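Student: Here it is: the structure, laid out below.
The values are calculated or read from the model by the stated rules, or taken from the named source; none is laboratory data. Note that this is a predicted model, so its numbers are computed, not measured. Here the Cβ positions follow ideal geometry from the backbone for every residue, glycine too, while neighbour counts run over all protein chains shown.
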Amino acid sequence: MAPIAKDFDVPLVEVTAVFTITLWMRLVGATASGWVADRVGRKLPPMISIAWYSVANLLAGLAPTFWLLFLFRALLGIGMGAEWPAGAALAMEQWPQRSRGLMGSVLQSSWGLGALLSSAAYGLLYDYIGWRGLLMMGVLPALLLVYIRIYVKEPALWVENRRIQRTQTTASAGRMPIHSMPRQPI
């Protein structure tokens, strides 16, 4: 945080606001992604979110002003938050039912691995590429998009639930709602 404050000549407390807005915007992304994943499938929302936060990280690393850094980190938060609900649902619905509990705990605790890897990147690379380079490395997850696009399929559970919902919607559309039925004379 200190190098960012120095580079932009802003108080350290303003840099902490950048990290705070990133975390708050995760809530926005998570809520939106969960809603979208229930409507269009489990595969597309994580792909959009990975592309979103990868681009936002790149732009944050290139930000020429503090306020653009703030904006790009806020957008980054939306993408970060959006990845978790749809990505977790996609993973858990693909995983065999007998081991979903174990894999759910592994998936949930994997944030620690990410923290470890980011600490290692900082320790090994900061002196060479600085904070901007570390942020720009955030574009690397975009490489996963190719794999997801080609090899990941919609979970059979989601496809079946979607089929059932459409069947129920079609069946109920054929009936006249009670409140719109003509009244019978008494």
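Student: Of the conditions (1) surrounded by fewer than 23 Cβ atoms within 10 Å (Cβ to Cβ); (2) more than 26 Å from Val146 (Cβ to Cβ), Gly34 satisfies every one except a single condition; which number is it?
Tutor: If we test Gly34 against (1) surrounded by fewer than 23 Cβ atoms within 10 Å (Cβ to Cβ); (2) more than 26 Å from Val146 (Cβ to Cβ), just (2) comes out false.
Student: Please pick out the residue among Arg132, Arg73, Arg100 that is assigned to a helix (DSSP H, G or I), surrounded by 15 or more Cβ atoms within 10 Å (Cβ to Cβ), of a type in the set (Lys, Arg) and modelled with pLDDT under 90.
Tutor: Arg100
Student: Could you tell me whether Met92 is over 30 Å from Ala60 (Cα atoms), hydrophobic (A, V, I, L, M, F, W, C), surrounded by 14 or more Cβ atoms within 10 Å (Cβ to Cβ) and at pLDDT 85 or above?
Tutor: yes
Student: Is there any pair with a first residue in the range 116-139 that is in contact (Cβ under 8 Å) with a residue 60 or more places away in the chain and more than 13 Å from Ile4 (Cα to Cα) and a second that is assigned to a helix (DSSP H, G or I) and among the hydroxyl-bearing types (Ser, Thr, Tyr) whose Cβ atoms are under 8 Å apart and which are 6 or more apart or on different chains, and what are they?
Tutor: Every condition considered, the pairs that remain are Gly138/Tyr53; Gly138/Ser54; Val139/Ser54.
Student: Looking only at the range 42-68, how many residues end up being under 23 Å from Thr16 (Cβ atoms), of a type in the set (Ser, Thr, Tyr) and surrounded by 21 or more Cβ atoms within 10 Å (Cβ to Cβ)?
Tutor: 1
Student: Do we find a residue being at pLDDT 85 or above and touching a Gly at 6+ places or on another chain (Cβ under 9 Å) anywhere in the range 118-127?
Tutor: Looking for residues that are at pLDDT 85 or above and touching a Gly at 6+ places or on another chain (Cβ under 9 Å), one finds at least one in the range 118-127, hence yes.
Student: Further question: Ser105: exposed (fewer than 14 other Cβ atoms within 10 Å of the Cβ), over 13 Å from Pro46 (Cβ atoms) and at pLDDT below 90, yes or no?
Tutor: yes
Student: Still on this structure, I have one more. For Trp24, all conditions in the list (1) crowded, with 18+ Cβ neighbours inside 10 Å; (2) part of a helix (DSSP H, G or I) hold save one; what is the number of the exception?
Tutor: In the conditions (1) crowded, with 18+ Cβ neighbours inside 10 Å; (2) part of a helix (DSSP H, G or I), Trp24 misses (1) alone.
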